[in-house]
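Report on the structure given below.
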Amino acid sequence: MRPKTLLALFLLVAALGAFIWFVERDLPGTDERAQLEKRVVAVEPEEITELIIERPGARAHLVRPAADAAPAAGSEAGADEDDPARVKREWRLLEPHDTRADTAAADRLASSLSTLEKQRTLDDADPEAVGLDQPRATVTVKTADSETTLRVGAEIPASSNMIVAAGDQTFVVADSIWSTLATEPGEWRSRELFPLHRGAVESVELSTPEASVELVRRDDRFWIAAPLEDLADAERVDQLLDAMFRVEVAQFFDPPEIPAEDTGLAPAPGRLSVALTGREQPIVVELGAPLAEDADQRYARIDGQLVSIGDDLDEAIERAPADWQATGWTALEVYEIDSLRVVDAVGELLLERAGADWARNGVKISYGPVSDFLYALTGAAGDRVLARDEAQGLGADLDRPRLTIELAGSESEESLALYDSGSGAIAGRADRRFLLALASGTVDDLLLKLQAIRDQEPLTDEVAEEEG
């Protein structure tokens, strides 16, 4: 055979192989095809965008957006609920109430439906004999490009199976899914006040008829954006977030169960509005009056629904804006600080981490004195927060600091300053308009620990190796 003929045949075989690979690469294998053939509803759970469950006198309609792309592993039933992407496919209940649905429960139902297997196929089954003439329920499963309706027939006596039909085919399947299908329509509502987790909170607005405060996340910290601008107290913000994600709906009240005048929601004495990553609209919670039969529970309106919740949010909503201001001098923790530059009347001091120890102006010293100083610094707090004019009125010369400290870490930096006044020391930060009247004795303790760093003897190589 001529070389040109061999080459032509080789190219033809290569082209045919490539065509087969491109056409068949996404087709299921033999085992996968066998599994698909067992399914009653041949769709993947993440493909499902709509579920309609109908029983005599009851209808629940659940929807969610179509997936933009193939989901990451674990993104459906049993997925990590802290995944910020989860909110983008949050289920919503359209009937009998238009509100957020229990996404975890809807995910489980979608997974159960997509894995429901045929145990037997019944040919020429009599609809009346198997309970399909008047189904106990019908379930419509929709994807972006398909729709399947299941009719649920009778239970099979002395077994854990039941009858279902899809189209003109009738099957025997496990009846474990029935308890979910029998859920009352209103119970598909979400009992979570907020989906996701605290890391998804972008801002929180708390308001009463007397005052309101807006907290906004900037990087990893919350700041007060209104009615004043300042760093928010981290401990109080943590308490608020803990309360927000701890509270769940205790009871749903469907009209006309509770007279409007009994709920205390006209107008609401307290309101919480939370913006979350991935949601276009904030989640709004209006707090009403305590329940007559349980003072620890109060009426609330969430997403238009009247419910009862615990009183965990009361303290945060009633807190005055000024009480949200941070009283700590620095927002950094010891482990976040990699270097600090101190300038005072004695001179300039540069401290940098050097393995397990620290370097003072380039010379290694023991970590002990530096650690003592950093713990005192990160624990320094003010008795009260001062505006600049108030601090100046107390005699503080804000142009002539007694001490400055530049803190730096891998992800953040801070510039601190200490001022003398007629009534004690006043501390400030470059990124805060407000200052702090430091608690008595705080400055003396810091200065003693700073002097201990200056007095520390350099480490010899032998000592450094032993401490390392």
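For region 138-152, give me the residue count where each residue is in contact (Cβ under 8 Å) with a residue 40 or more places away in the chain and either surrounded by fewer than 17 Cβ atoms within 10 Å (Cβ to Cβ) or of a type in the set (Ser, Thr, Tyr) (or both).
Start the filter on region 138-152 by keeping residues that are in contact (Cβ under 8 Å) with a residue 40 or more places away in the chain, which leaves 138-144, 146, 148, 150.
Within this subset, residues satisfying the condition of being either surrounded by fewer than 17 Cβ atoms within 10 Å (Cβ to Cβ) or of a type in the set (Ser, Thr, Tyr) (or both) are 138, 140, 143-144, 146, 148.
The number of residues fulfilling the criteria is 6.
Just give me the residues in region 378-392 being open to solvent by 70 Å² or more (accessible area, probe 1.4 Å) and not acidic (Asp, Glu), in sequence order. Explain how you work it out, then say what you get.
The initial filter retains those residues of region 378-392 that are open to solvent by 70 Å² or more (accessible area, probe 1.4 Å), namely 383-384, 388-390, 392.
Passing the criteria: Arg384, Arg388, Gln392.
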Within region 362-405, can you find the residues that are under 22 Å from Leu228 (Cβ atoms) and in a strand (DSSP E or B)? Ala381, Gly382, Asp383, Arg384, Val385, Leu386
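Working only within region 216-225, note down all residues that are at pLDDT 95 or above and either surrounded by fewer than 15 Cβ atoms within 10 Å (Cβ to Cβ) or within 16 Å of the chain's Cα centre (by Cα) (or both).
Result: Val216, Arg217, Phe222.
Filtering region 153-212 down to residues that are among the aromatic types (Phe, Trp, Tyr) and under 25 Å from Leu306 (Cβ atoms), which residue is surrounded by the most Cβ atoms within 10 Å (Cβ to Cβ)?
Start the filter on region 153-212 by keeping residues that are among the aromatic types (Phe, Trp, Tyr), which leaves 171, 178, 188, 194.
Cutting the leftovers down to under 25 Å from Leu306 (Cβ atoms) gives us 188, 194.
Working: Trp188: 25, Phe194: 22.
So the residue we want is Trp188.
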With Ser366, Ser440 as the choices, which residue is within 42 Å of the chain's Cα centre (by Cα) and within 30 Å of Trp223 (Cβ to Cβ)? Ser440
When Asp145 is run through (1) at pLDDT below 95; (2) within 22 Å of Thr49 (Cα to Cα); (3) in a strand (DSSP E or B), the failure sits at (3)
Name the residue that is most open to solvent (accessible area, probe 1.4 Å), counting only residues in region 348-367 that are within 29 Å of Asp420 (Cβ to Cβ) and without any contact (Cβ under 8 Å) to a residue 24 or more places away in the chain. Glu348
Lone unmet requirement of (1) closer than 24 Å to Ile337 by Cβ; (2) out of contact with any Asp or Glu (no Cβ under 8 Å at 6 or more places or on another chain); (3) part of a loop (DSSP other than H, G, I, E, B) for Gly428: (3)
Hits in region 233-263 (condition: of a type outside the set (A, V, I, L, M, F, W, C), over 27 Å from Ala322 (Cβ atoms), open to solvent by 30 Å² or more (accessible area, probe 1.4 Å) and modelled with pLDDT of 90 or more): Glu248, Gln251
Which residues, taken from region 384-399, are of a type outside the set (A, V, I, L, M) and on the phi < 0 side of the Ramachandran plot? Arg384, Arg388, Asp389, Glu390, Gln392, Gly393, Asp397, Asp399
When (1) in contact with a helix residue (DSSP H, G or I) (Cβ under 7 Å, 6 or more places away or on another chain); (2) assigned to a strand (DSSP E or B); (3) among the polar types (S, T, N, Q) are applied to Thr170, the one that fails is (1)
Within region 414-465, can you find the residues that are of a type outside the set (Gly, Ala, Ser) and either touching a His at 6+ places or on another chain (Cβ under 6 Å) or under 13 Å from Ala391 (Cα atoms) (or both)? Leu418, Tyr419, Asp420, Ile426, Arg433, Phe434, Leu435, Leu436, Leu438
Tell me which of these Glu184 doesn't satisfy, since it passes every other one: (1) in contact with a Leu (Cβ under 9 Å, 6 or more places away or on another chain); (2) touching a residue at least 60 places away in the same chain (Cβ under 8 Å); (3) closer than 25 Å to Tyr299 by Cβ. (1)
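If only one of Ala322, Ala345, Ala331 is open to solvent by 50 Å² or more (accessible area, probe 1.4 Å), within 37 Å of the chain's Cα centre (by Cα) and among the aliphatic types (A, V, I, L, M), which one is it? Don't jump to the end; show me each part of the working.
Working: Ala345 fails: within 37 Å of the chain's Cα centre (by Cα); Ala331 fails: open to solvent by 50 Å² or more (accessible area, probe 1.4 Å).
Of Ala322, Ala345, Ala331, the one residue that is open to solvent by 50 Å² or more (accessible area, probe 1.4 Å), within 37 Å of the chain's Cα centre (by Cα) and among the aliphatic types (A, V, I, L, M) is Ala322.
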Answer residue from region 442-468, given it is in a loop (DSSP other than H, G, I, E, B) and surrounded by fewer than 12 Cβ atoms within 10 Å (Cβ to Cβ) and is modelled with the lowest pLDDT among those: Gly468
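When only residues in region 406-425 that are polar (S, T, N, Q) and assigned to a strand (DSSP E or B) count, which is most open to solvent (accessible area, probe 1.4 Å)?
Pass one, region 406-425, residues polar (S, T, N, Q): 410, 412, 415, 421, 423.
Still in the list and also assigned to a strand (DSSP E or B): 415, 421.
Values: Ser415: 42, Ser421: 25 Å².
Step by step, filter region 406-425, then rank; the result is Ser415.
The values are calculated or read from the model by the stated rules, or taken from the named source; none is laboratory data. Here the structure is a predicted model, which is why all the values come from computation and not from measurement. Cβ sites come from the backbone with ideal geometry, for glycine too, and all protein chains shown count toward neighbours. The accessibility values were calculated without ligands, DNA or RNA, using every heavy atom of the protein model including side chains. Shrake-Rupley method; radii C 1.70, N 1.55, O 1.52, S 1.80 Å.
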